[in-house]
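Participant: Okay, here's the structure, questions in a sec.
The values are calculated or read from the model by the stated rules, or taken from the named source; none is laboratory data. These numbers come from a predicted model, not from an experiment. Note that we place each Cβ from the backbone using ideal geometry, even for glycine, and neighbour counts take in every protein chain shown.
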Amino acid sequence: MCGIVAYLGKKSAQPILVEGLKRLEYRGYDSAGVALMAGGSLRVEKTSGRISALEDILDGPDSSEHLGIGHTRWATHGKPNTVNAHPHLDYTGKIAVVHNGIIENYATLKKWLQEKGAVFLSDTDSEVV
């Protein structure tokens, strides 16, 4: 189980995402993370533990990003650690992905993608998305 929240607007995305994640923390408290975009640049911050641990590594509420996605994780595949926390980035670093659920055939998909040159950094099923 996980919690997912996103924001696109004129306000700073970071405090809105954090507030949304706090409301969804009961859906996953093993790790939390956000992906924020400003000026075509993607920034990912994630950590194991509760939302308060994520807040400790984020800069202030006046961040310049106005687009973002956040995630709380209850671990189902892979240990509850920072590497397995969402969001995950694609190989270009330009796309951030969060996921809720279980991908039953992820091992088969992961092997197929690795044969095509994909590199995986986590032990989660979500990274094959």
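Participant: When segment 73-108 is examined, which residues are found to be surrounded by 15 or more Cβ atoms within 10 Å (Cβ to Cβ) and not in a loop (DSSP other than H, G, I, E, B)?
Facilitator: 73, 88, 89, 96, 97, 106
Participant: Quickly run through segment 1-28 and pick out the residues that are farther than 13 Å from residue 70 by Cβ and crowded, with 19+ Cβ neighbours inside 10 Å.
Facilitator: 12
Participant: In segment 52-72, which residue that is under 17 Å from residue 12 (Cβ atoms) and free of Cβ contacts under 8 Å to residues at least 40 places away in the same chain is surrounded by the most Cβ atoms within 10 Å (Cβ to Cβ)?
Facilitator: That would be 54.
Participant: For segment 109-127, name all the residues that are surrounded by 12 or more Cβ atoms within 10 Å (Cβ to Cβ), in a loop (DSSP other than H, G, I, E, B) and in contact with a Phe, Trp or Tyr (Cβ under 7 Å, 6 or more places away or on another chain).
Facilitator: 118, 125
Participant: Follow-up. More than 18 Å from residue 2 (Cβ to Cβ), aliphatic (A, V, I, L, M) and either touching a strand residue (DSSP E or B) at 6+ places or on another chain (Cβ under 6 Å) or modelled with pLDDT under 95 (or both): does that describe residue 21?
Facilitator: no
Participant: Let me ask something else. For segment 61-80, check the following and say yes or no: at least one residue is modelled with pLDDT of 90 or more, in contact with a His (Cβ under 9 Å, 6 or more places away or on another chain) and farther than 20 Å from residue 3 by Cβ.
Facilitator: For segment 61-80, residues modelled with pLDDT of 90 or more, in contact with a His (Cβ under 9 Å, 6 or more places away or on another chain) and farther than 20 Å from residue 3 by Cβ: absent.
Participant: Do you know which of the residues in segment 29-51 that are assigned to a strand (DSSP E or B), touching a residue at least 40 places away in the same chain (Cβ under 8 Å) and in contact with a Pro (Cβ under 6 Å, 6 or more places away or on another chain) is surrounded by the most Cβ atoms within 10 Å (Cβ to Cβ)?
Facilitator: 31
Participant: Related question: Hey, residue 26 hits all of (1) modelled with pLDDT of 90 or more; (2) within 19 Å of residue 6 (Cβ to Cβ); (3) assigned to a helix (DSSP H, G or I) but one; which does it fall short on?
Facilitator: Unmet condition: (1).
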